[in-house]
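Chemist: Got a structure for you, questions after.
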Amino acid sequence: MQTKPVVALLIFSFLMMPFGLVVAKHDKEITRNKQIVAGWLENVVLEPWQIKLRAKLDTGAKTSSLHAIDIQRFTQNGEPWVRFLTEDKKNEVSLKPVELPVKREVKIKSHHKDAVSRPVVELQLCLNGHLYKGEFSLVDRSRFNYPILLGRRVLKQRILVDASMTFTLPINSRKCERLLEDIL
């Protein structure tokens, strides 16, 4: 009587082996394209400048934004560019100059004011040793607590937000630099 269950288990195991291989392959893909779980506040590094900033991860915002002051528009090789200064709210004496091409313009409507046009630039940031690319509108965020707001367009790159956590991910500047070197 005991041989029937053992034989049935062996036959079942043999028949399921191809499916096990498929599951194992799928698990490797998930590991390679791993989602990360971040808190609603995290430290990020803007690349390639190695500017460390605090970011608010906001699933309610579509577009990301970056604190920028002294925004100057100019033309380079017939294309619109922007020059600005950004700073870390933790270290307000540390102003970093940045120049980037303008990807597009966004109009922001306010209840009490006319629509305002903001330049949008493409930036790379490093979070938890992974590089992410996204579009950021430039605006003076000095009245806000955090210089970067990461919206859904960046978060959809496999970043899950746990609203009960803050500052859970380490900054791995060396890994960020190596990733950037591999791209360039």
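Chemist: Against the conditions (1) within 27 Å of PHE167 (Cβ to Cβ); (2) surrounded by fewer than 17 Cβ atoms within 10 Å (Cβ to Cβ); (3) not charged (D, E, K, R), where does LEU125 fall short? Just the number, please.
Modeler: (2)
Chemist: Which of (1) surrounded by 17 or more Cβ atoms within 10 Å (Cβ to Cβ); (2) within 14 Å of the chain's Cα centre (by Cα); (3) among the basic types (Lys, Arg) does ARG153 not meet, given it meets every other one?
Modeler: Every condition holds for ARG153 apart from (1).
Chemist: Which of the residues belonging to the range 135-184 are of a type in the set (A, V, I, L, M, F, W, C), in a helix (DSSP H, G or I) and at pLDDT below 95?
Modeler: Residues satisfying the conditions are CYS176, LEU179, LEU180, ILE183.
Chemist: Next question. Go through the range 102-122 and give me each residue that's at pLDDT 95 or above, surrounded by 15 or more Cβ atoms within 10 Å (Cβ to Cβ) and part of a strand (DSSP E or B).
Modeler: Matches in the range 102-122: PRO119, VAL120, VAL121.
Chemist: Still on this structure, I have one more. Just to verify a result, which residue in the range 71-97, among those that are charged (D, E, K, R) and at pLDDT 95 or above, is farthest from TRP49 (Cα to Cα)?
Modeler: Applying the filter and picking the extreme gives GLU79.
Chemist: (1) of a type in the set (A, V, I, L, M); (2) without any contact (Cβ under 8 Å) to a residue 24 or more places away in the chain; (3) farther than 18 Å from LEU53 by Cβ: which one isn't true of LEU100, the others all being true?
Modeler: The single condition LEU100 does not satisfy is (3).
Chemist: In the range 15-67, what residues are of a type in the set (D, E, K, R) and either within 20 Å of the chain's Cα centre (by Cα) or modelled with pLDDT of 90 or more (or both)?
Modeler: Those that are of a type in the set (D, E, K, R) and either within 20 Å of the chain's Cα centre (by Cα) or modelled with pLDDT of 90 or more (or both): ARG32, LYS34, GLU42, GLU47, LYS52, ARG54, LYS56, ASP58, LYS62.
The values are calculated or read from the model by the stated rules, or taken from the named source; none is laboratory data. Quantities reported herein were computed from a predicted structural model and do not represent experimental measurements. Neighbour counts are summed over all protein chains in view; Cβ atoms, including those assigned to glycine, are modelled from backbone coordinates with ideal geometry.
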